[in-house]
Structure formats: structure tokens, C-alpha cells
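Accompanying notes for the structure given below.
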Amino acid sequence: MVALKDFFASDFLLGAAFDGPIPDRLNPAEQALFLQQFNTLTAENCLKPGRVQPEEGRFTFQDADTLADFARTHHLHMVGHTLLWHNNCPEWFFKDGEKQASRELVLKRLRAHIHAVVGRYKGTIAGWDVCNEVIADNEKYLRPSHWLETIGDDFVAQAFRFAHEADPNVLLHYNDYDNENPIKRDKTLRLLRSLREAGCRVDAVGLQGHFLLDKVPFGDVEDAIEIYAREGYQVMITELDLDVLPFVGPEAEITQPLSPEQLAPLLLRQAEQYAKLFSLFRKHRDKITRVTFWNPHDGRSWRNNWPTKGRTNHPLLFDRELRPKAAFYAVTGSS
Ligand code: 9MR
């Protein structure tokens with residue numbers, strides 16, 4: 001079997017997200033698959049602020065250290081995810097006793113957090129998702145969040161500034177979902193331009209790429225790749241997967257695995273759609289520097305618990321037995 005990282009070696013880095021080479025996260029067989037197939041890893045959860053600094057000044061780096069050792073040992077391009085997000089962020093950042101913390105105090109804490117975390121993995125982490133998902137999905141520009149409320153509109157610029165200070169050599173990414181959608185894309189461009197005017201360095205735009213079967217917005221994805229690249233950014237596909245189960249409405253309440261007869265046609269369509277995506281990515285290999293799947297195989301996918309818990313989903317290129325799926329063969333043109 002050809003390896004994805006070799007097949008795409010002259011195009012872009014190829015990776016997957018997971019949380020550590022520890023048995024409940026990735027057992028030895030899964031680690032072997034990972035190392036055979038991928039050359040970049042993203043920390044799925046273990047670097048999120050809630051995980052590394054659950055209380056002010058109490059840092060819990062154990063899992064992230066294990067992951068960083070794995071990356072160092074195997075010479076992997078490691079991506080840090082994430083320094084600032086509205087989700088998975090402890091309340092203490094925004095509190096001063098019973099009161100809401102002042103802008104100055106929240107900025108001081110954000111700077112201390114970024115310096116501690118980015119500083120610790122200097123030389124190992126090659127790129128950071130500095131800010132994640134700050135653009136609103138509705139008509140608003142920025143998503144309402146404690147960050148916006150306490151610091152104000154410049155919280156994104158401040159985070160990028162602190163990350164650059166902490167490690168001037170690390171790549172700095174802005175990461176979001178649906179940012180190929182023209183409305184969200186235009187708001188992202190507005191943000192990127194404001195960051196540039198504020199003198200901030202941003203190296204890459206991450207398109208998460210959480211797609212649904214039969215609804216992959218190929219045209220928007222291609223336009224977005226071209227437009228972000230034209231603005232001077234590397235494009236990274238950062239959290240790729242292709243959900244094959246119903247996503248909305250009562251049909252989304254799936255608790256039983258699909259039968260092989262139900263699944264077979266879905267996996268064939270998934271294979272075609274993955275192949276089309278990768279030929280698009282390859283066409284734009286001069287703009288795309290990395291493609292990362294959100295998890296190494298179907299059994300470890302977050303999609304098994306979203307939008308409803310306890311689903312048996314099939315969004316990736318490897319199945320639960322770690323076997324390559326039709327999508328793998330379609331993407332690599334092999335059989
Ligand atoms: O896959 C992650 C899951 O295990 C966590 O419970 C969840 C909340 O922290 O985050 C998931 O990863 C998300 C990523 O951090 C940002 N983009 C969307 C991803 C899927 O929800």
C-alpha cells in the first residue's frame with residue numbers, strides 16, 4: 001500500500017489530528033498506521049487552554065509533552081491547536097473575583113498563557129492555530145465571546161502579537177470552519193486586512209474542511225484557496241473529514257450502525273468526492289502547504305459523537321480496523 005505522505009510528498013504535508021501516543025488515545029497499531037501514512041500531526045485537544053491551564057498559573061503539560069516527544073522522535077511537523085478559542089477556555093480568564101475582569105487583566109493573562117505554551121514547545125511545534133473560529137456565522141462580523149466582550153475588537157491582533165513575540169520563527173495560522181463560504185470568506189479577509197494594518201504577522205489561513213457527503217462546496221473551496229493565496233497567505237486544509245450520515249433533522253438521530261448494504265453506496269460516493277477534493281488540492285499545490293485529517297481513522301473520529309452522540313460514522317480514509325477504504329484508493333489512484 002502506498003503511503004499518503006509519500007504519494008503527496010511533492011505537493012504538501014499530509015497529516016492527522018490526535019491527542020497522544022497513549023493507549024486510550026492511540027494504541028501501538030494506530031501509531032504504526034499514523035507513522036506509515038502521515039508526516040504532520042495536530043494536537044486534537046491536549047493544547048487547548050482548558051487542558052493546559054485549567055486554573056490560573058497551574059499548567060498541566062503532561063499529555064502535550066508526550067505528544068511533543070512523539071513528534072520530535074519521529075521528525076513530524078507538529079501543529080499546536082489552539083491558543084484562543086471561544087470554546088474549551090476556562091472561565092477564570094475573564095473573572096476578577098465576582099466581577100468581570102478588566103481588559104488589562106485579560107490581556108495580561110492571555111499574554112502569559114501564550115508565552116508559557118508557545119515558549120515551552122519552541123523548536124518542536126512548527127505552526128500554531130493562534131486563533132480559532134472568531135468569525136460569526138450570522139450577519140455579525142466577529143463571533144460574540146468573552147474575548148470580544150472583555151478585550152474588544154483587537155483581541156485577535158493581540159493574540160497574534162503575543163504569539164510572534166513568544167516564538168518569532170513559528171508559523172502563525174488563523175483557523176476556521178466554513179471560511180470557503182463567500183460571506184464568511186469576506187469577513188475573514190476583512191479580519192486579515194485589519195491584522196495586517198495593525199502590523200501583525202499571519203502566515204496561513206486554515207480551512208478546516210469538515211464536509212458532508214454530497215454537499216462538498218467544491219467551487220467555493222477552489223475560490224477560497226485562490227483568494228486567500230492572492231492575499232499572500234499559505235492555505236492549509238486543517239481538519240478534513242467527510243461525514244456520510246444524515247446531519248440534520250430526526251434522521252440525524254442514528255444509534256445503530258448502518259448495514260453493509262446501506263453503507264456501500266455511501267462509501268463509493270465518499271470515494272469520488274474525496275478524489276475530487278484531492279485533485280483540486282493538487283491543482284493548487286503551489287498555494288496549499290498542508291492537508292490534515294481530523295483524526296487518523298473512522299474509529300477515532302469526533303464525528304462519532306457529533307451532531308448526536310453514539311453514532312458509527314465513516315468520515316476518513318481508514319476504517320475502524322485500520323484498513324484503507326475506497327476513498328483511500330480513489331485519492332491515491334491505486335487499488
Ligand atoms: O475533536 C475535538 C473533540 O474531541 C473535542 O471534544 C471538541 C471540543 O473541544 O473539539 C474537537 O475538535 C474541534 C477543533 O478543536 C476545532 N474545530 C472543530 C473540531 C471538531 O469539533
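Descriptive notes on the structure:
- Over 24 Å between alpha carbons, listed pairs Lys184/Lys309; Lys215/Lys325; Lys276/Lys325; Lys140/Lys287; Lys184/Lys287: Lys184/Lys309; Lys140/Lys287
- Total charge dipole magnitude, region 109-180, about the Cα centre, Cβ charges on Lys, Arg, Asp, Glu only, Debye to nearest 20: 540
- FRET efficiency, 1/(1 + (r/R0)^6) with R0 35 Å, evaluated for Asn305 and Ala29 via beta carbons: 0.95
- Between Lys122 and Arg269, the distance separating the two model label sites (each 7 Å from Cα on the Cα→Cβ line) works out to 5.1 nm.
- Qualifying lysines (Cα of each under 19 Å from Cα of Lys283; at least 8 residues distant if same chain): Lys5
- Comparing mean-square fluctuations of Glu253, Glu222, Glu261 from a GNM of the chain with C-alpha springs under 10 Å, the top value falls on Glu261.
- In terms of Cα atoms, the Rg and Dmax of the chain work out to 19.6, 62 Å.
- Dipole size of the chain about its Cα centre, with +1 on Lys/Arg Cβ and -1 on Asp/Glu Cβ: approximately 540 debye, rounded to the nearest 20.
- A simple spin-label model places pseudo-atoms 7 Å from Cα toward Cβ; at Glu251 and Glu56 they are separated by 5.0 nm.
- Spatially, region 265-280 and region 293-335 are offset by 13 Å when compared through their Cα centroids.
- Shape category assigned to region 131-180 from the gyration tensor of Cα positions, a/c cut at 1.5: oblate
- Cα-based shape type of region 84-141, given that a ≥ b ≥ c are square roots of the gyration tensor eigenvalues and the cut on a/c is 1.5: oblate
- Calculated diffusion of region 214-295, Stokes-Einstein form, Kirkwood radius summed over Cα pairs, 4 °C and 1.567 mPa s, µm²/s: 89
- Under Karplus coefficients 6.51, -1.76 and 1.60, residue-wise ³J(HN,Hα) of region 129-140 in Hz, glycine/proline x: 6, 5, 10, 10, 6, 8, 7, 6, 7, 8, 6, 5
- Taking Cβ atoms as reference points and 13 Å as the exclusive limit, the residues near Phe7 contribute a net charge of +1, counting Lys and Arg as +1 and Asp and Glu as -1.
- Comparing Lys184, Lys287, Lys215 in a Gaussian network model of the chain where C-alpha atoms under 10 Å apart are linked, the largest mean-square fluctuation is found at Lys215.
- Carbon + sulfur, % of accessible area of the chain - ligands and nucleic acids excluded, 1.4 Å: 51
- Length gained on full extension, Glu226 to Trp92, computed as 0.36 nm times the residue gap minus the Cα-Cα distance: 44.2 nm.
- Long-range amide H partners of Thr42 with built H, under 5 Å: Ala16, Ala17, Phe18, Val79
- Selection from Leu192, Cys89, Ala275 lying farthest towards where the dipole of the chain points positive, charges on Cβ: Leu192
- Extended-chain gain in nm, criterion 0.36 nm per residue less alpha-carbon gap, Glu321 and Asp65: 89.4 nm
- Whole-angstrom gap from region 38-55 to region 146-201, using each part's C-alpha centre: 19
- Computed about the Cα centre, the dipole magnitude for region 1-125 is approximately 480 debye when only Lys and Arg (+1) and Asp and Glu (-1) carry charge, each at its Cβ.
- Take the Cβ atoms of Ser194 and Phe218, set R0 to 45 Å, and the FRET efficiency comes out at 0.95.
- The chain: antiparallel DSSP beta bridges as a percent of all, rounded to 5: 10
- Near Pro307, once Lys and Arg are set to +1 and Asp and Glu to -1 for all other residues with Cβ below 13 Å from its Cβ, the sum equals 0.
- Taking all protein chains into account, the per residue accessible area for the chain stands at 42 Å² (1.4 Å probe).
- Comparing Pro315, Pro49, Pro260 in a Gaussian network model of the chain (Cα springs below 10 Å), the most mobile by mean-square fluctuation is Pro260.
- A simple spin-label model places the labels of Asp137 and Asn181 0.7 nm from each other, with each point 7 Å out along Cα-to-Cβ.
The values are calculated or read from the model by the stated rules, or taken from the named source; none is laboratory data. Please read all numbers here as calculations on a predicted model, not as lab measurements. Quick reminder, even Gly has a Cβ in these numbers, built from the backbone with ideal geometry, and neighbours come from all protein chains shown. These accessible areas exclude ligands, DNA and RNA; they are computed on the full protein's heavy atoms, side chains included. Shrake-Rupley method; radii C 1.70, N 1.55, O 1.52, S 1.80 Å.
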